[in-house]
Amino acid sequence: MPPHKLHPEGWIANHADYLYNYTIARVSDEEVAEDIVQDTFLAALKAAPNFKGEAAERTWLFAILKRKIIDHYRKINSNKGKAEVHMQLGDPDEDSKDWIEVRAEDDTKNAEDLLENEELGLAIQSCLAKLPKKQAQVFKMKTIEGLDTDTICNELNMTPSNLWVIIHRARTALADCLQKNWF
């Protein structure tokens with residue numbers, strides 16, 4: 001397959017709307033989004049001599065755009081150690097690991113991690129809101145609040161086996177929802 005080529009004269013017509021729509025969804029400020037897209041095009045022009053043609057033009061521009069968004073958040077967000085969300089990617093039935101943890105252990109996370117974690121956190125909250133009330137309640141108590149099985153069973157008047165069935169259903173529904181809405 002021949003290498004891809006750059007056509008800077010067509011960037012605005014062919015890619016500006018796509019890049020802007022992606023950016024505005026992440027920064028929620030029209031002026032900032034426009035500036036980031038412009039910075040992307042300027043950086044791409046400067047980097048054009050290094051373009052190897054291994055990626056499509058839009059893919060290459062998009063990679064630059066993502067870095068510019070990260071740079072934007074680095075500038076405005078000097079807070080370190082924000083809470084983050086970790087997901088177990090293995091078997092959701094595995095009892096030996098927490099499926100979701102809510103607490104940052106590492107204060108050295110970069111802006112890209114913070115942006116992705118914020119987006120993931122919003123996606124999880126949205127998916128939790130779609131669960132049946134009892135599933136969401138049990139899931140939050142066990143996985144987010146870290147309550148032990150006995151405490152939850154006593155408080156909600158249920159058996160441990162019923163608790164684990166509800167947890168399993170909640171995890172499955174959340175995984176499906178996140179697969180559709182975030183990944």
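Would you mind stating whether LEU6 is buried (at least 16 other Cβ atoms within 10 Å of the Cβ) and assigned to a loop (DSSP other than H, G, I, E, B)?
yes
Counting only residues that are in contact (Cβ under 8 Å) with a residue 24 or more places away in the chain and over 25 Å from the mean Cα position of the chain (by Cα), how many does the stretch 130-183 have?
Going through the stretch 130-183 one residue at a time, the tally reaches 3.
For residues that are surrounded by fewer than 16 Cβ atoms within 10 Å (Cβ to Cβ) and among the small types (Gly, Ala, Ser), scanning just the stretch 139-174, find the one that is nearest to SER126 (Cα to Cα).
GLY146
What are the pairs, 6+ residues apart or on separate chains, where a residue within the stretch 7-30 that is farther than 13 Å from LEU61 by Cβ has its Cβ under 8 Å from a residue that is among the aliphatic types (A, V, I, L, M)?
Correct list of pairs: ILE24/ALA33; ARG26/ILE69; ARG26/LEU115; VAL27/ALA33; VAL27/ILE36; VAL27/ILE69; GLU30/ILE24.
Among the residues of the stretch 63-74, is there at least one that is at pLDDT below 90, exposed (fewer than 15 other Cβ atoms within 10 Å of the Cβ) and more than 18 Å from the chain's Cα centre (by Cα)?
no
Does the stretch 36-52 contain any residue that is farther than 30 Å from LEU147 by Cα, among the acidic types (Asp, Glu) and modelled with pLDDT under 85? It would help to see each step written out before you state the result.
Of the residues in the stretch 36-52, the ones farther than 30 Å from LEU147 by Cα are 36-52.
Then keep just the ones that are among the acidic types (Asp, Glu); that gives 39.
Then keep just the ones that are modelled with pLDDT under 85; that gives none.
No, the conditions are met nowhere in the stretch 36-52.
The values are calculated or read from the model by the stated rules, or taken from the named source; none is laboratory data. Just so you know, these numbers come straight off a predicted model, no measurement behind them. Please note: Cβ atoms are built from the backbone with ideal geometry, for glycine as well, and neighbour counts cover all protein chains shown.
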